[in-house]
Amino acid sequence: MHSPAPAGWIVVLLSVGGCMPKSEAPEPGISLEPCQLGAAGSPSRLAARCGVLRVPEDRSNRDGRSIDLRIAVVPAVSRNPSRDPLVFLTGGPGQAATETYPQLAPAFRRINRDRDVVLVDQRGTGGSNALRCPEEEVKDLALLDEDKIGPWVSRCLEGLAGDPRFYTTSLAMSDLDEVRSALGYERVNLYGLSYGTRAALTYLRMFPERVRTAILDGVVPPTEVLGLDVAKDAERALDLVIARCSSDRECREAFPNLSKDLDTVMQRLETPVTVTLRHPRTGETEELPFSREMAAYAIRLLSYSQETASLVPLLLSSAARSDLAPLAAQFLIVTARVGETMAEGMGISVVCTEDFPFLEEEAIAERNRDTYLGALQTDSLKLVCPLWPRGEVPSDFKSPAQSTAPVLLLSGEADPVTPPENGELTSSQLGSEATLHLVANGQGHIVIHRGCIPHLAADFVEKGTFAGLDAGCVGKIAPQPFFLSYAGPTP
């Protein structure tokens, strides 16, 4: 999701190994050659075997235009691996699996010991005919002036590499099953993060007999309308950060009035303020017209990760005392990250086809009321989607999913975009006997790499059942201490 960032989601970059795994993938119908995978902004590389599968852009017309899907297999280390791989489905919508996985690869080290990890850049992302829009100084549509959105949409549509009507989740999951078959796998284990959980649940609905287990991390229920709860969920996460600071003596003493500080900052920025600062990437001094919307956007994206959320009290306190430069610098950092990881055209195609038709004005007003983010996200959708070519979705697309395969659901307690209630709802829809929902205290968006969760995930995939899984260790996961100054937390 926009798993806008990191979604629009933000994760800590983790080191990855550089040795070529020992085993080979199964005899494929796709030619796989040695390759190196990497993430934007990281020098780390991950050895894999890469190939291409050509599929019809319009899957109902195999004689029409074709597109190439980029595929990578990280072979199991074992010389006698299990025949059911882990398929990694990433977020956004708009991120590429081959670019995201290297950041999280250490969390899957045990799973990869005995199983291949399969990465497919979803159609419209990465190396699969990416639908990228023209570069703009502003990296997110929600921050564009209203009169600039129409021309931006026109320029984007003119430059797209494909027909946006055919870049939906259901079509992508048909692609995925074709990849599965071409690689020679009978069944797969799914891991989806953020928007990737929608993809996983869609695959589970379309091809239930092909799924052995599934892990959903930062859950998007099938019934959810992306964009509707953005402001409400962001407000909840910030309230949790402020409450945690208030319950910590040192943080409370350093920042005793955080709720008031937030109001002060938002009121002051109702009229944009020109902030002079050094650009955090170039080091060049520049002037940035900094607005309420920019500040809210930065706070929301900083809330995605417990590491960056630990800065929020300090940033709010500084901004309330008229030092806006640190918060403005963080805005530049998080928006640049979003621009690096997202294929905007693909993300717009998904949301405008699968979610916008289900937005209701009354519900939008109710969800946005009394939130620091307000209608920032939904207002942009209302301007963009009527101009965007819309695809089709199956009649049951927004229906609750069901599963006979066991599903492990993971949530961060302070997730600002897919809160734990999403996991609870999905668990009830799937059937509680088929699910186990784990919530990591104080954590934000995506928790597969936190504490003991990688080991629990590996045990679950290995056994194919929750039986005997001791999840008590999840309760010991704790968030990072708050920054009391820019030197860092108290030692």
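Things to note:
- Residue within segment 276-293 that is at pLDDT 95 or above and of a type in the set (A, V, I, L, M) present: no
- All conditions in (1) surrounded by 13 or more Cβ atoms within 10 Å (Cβ to Cβ); (2) within 30 Å of V225 (Cα to Cα); (3) not acidic (D, E) hold for S395, with the sole exception of (1).
- Taken together, the residues in segment 159-200 that are at pLDDT 95 or above and assigned to a helix (DSSP H, G or I) amount to 24.
- Members of segment 285-314 found to be under 23 Å from A375 (Cβ atoms) and assigned to a helix (DSSP H, G or I), listed by number: R292, E293, M294, A295, A296, Y297, A298, I299, R300, L301, L302, V312
- Residue check, V439 more than 19 Å from the chain's Cα centre (by Cα), of a type outside the set (D, E, K, R) and surrounded by fewer than 22 Cβ atoms within 10 Å (Cβ to Cβ): no
Residues checked against (1) farther than 21 Å from A72 by Cβ; (2) crowded, with 24+ Cβ neighbours inside 10 Å:
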position: D147; (1), (2): yes, no
position: S154; (1), (2): yes, no
position: G159; (1), (2): yes, no
position: P164; (1), (2): yes, no
position: T168; (1), (2): yes, yes
position: A172; (1), (2): no, yes
position: R180; (1), (2): no, no
position: G192; (1), (2): no, yes
position: A200; (1), (2): no, yes
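- Residue match in segment 329-344 (condition: over 30 Å from G391 (Cα atoms), under 24 Å from the mean Cα position of the chain (by Cα), not in a helix (DSSP H, G or I) and not aromatic (F, W, Y)): no
- With respect to (1) part of a loop (DSSP other than H, G, I, E, B); (2) under 23 Å from the mean Cα position of the chain (by Cα), the lone exception for A467 is condition (2).
- Any pair with Cβ under 9 angstrom, 6 or more apart, that starts in segment 187-216 at a residue that is within 18 Å of D396 (Cβ to Cβ) and ends at one that is aromatic (F, W, Y) and part of a strand (DSSP E or B): A200/Y191
- Selection status of L324, touching a strand residue (DSSP E or B) at 6+ places or on another chain (Cβ under 6 Å), modelled with pLDDT of 95 or more and over 26 Å from Q122 (Cβ atoms): yes
- All positions within segment 353-370 that are assigned to a helix (DSSP H, G or I) and not acidic (D, E): T353, F356, P357, F358, A363, I364, A365, R367, N368
- Spans of strands (runs of 3 or more DSSP E) in segment 30-111 with at least 2 residues touching an Asp or Glu at 6+ places or on another chain (Cβ under 9 Å) and crowded, with 24+ Cβ neighbours inside 10 Å: 66-74
- From S411, S322, residue being out of contact with any Cys (no Cβ under 7 Å at 6 or more places or on another chain), over 30 Å from L86 (Cα atoms) and not in a helix (DSSP H, G or I): S322
- Residues considered: L104, L86, L160, L144. Of these, the only one that is of a type in the set (A, V, I, L, M) and in contact with a Cys (Cβ under 8 Å, 6 or more places away or on another chain) is L160.
The values are calculated or read from the model by the stated rules, or taken from the named source; none is laboratory data. Remember, predicted model here, so these are calculated numbers, not experimental data. Positions of Cβ are backbone-derived with ideal geometry, glycine not excepted, and every protein chain shown enters the neighbour counts.
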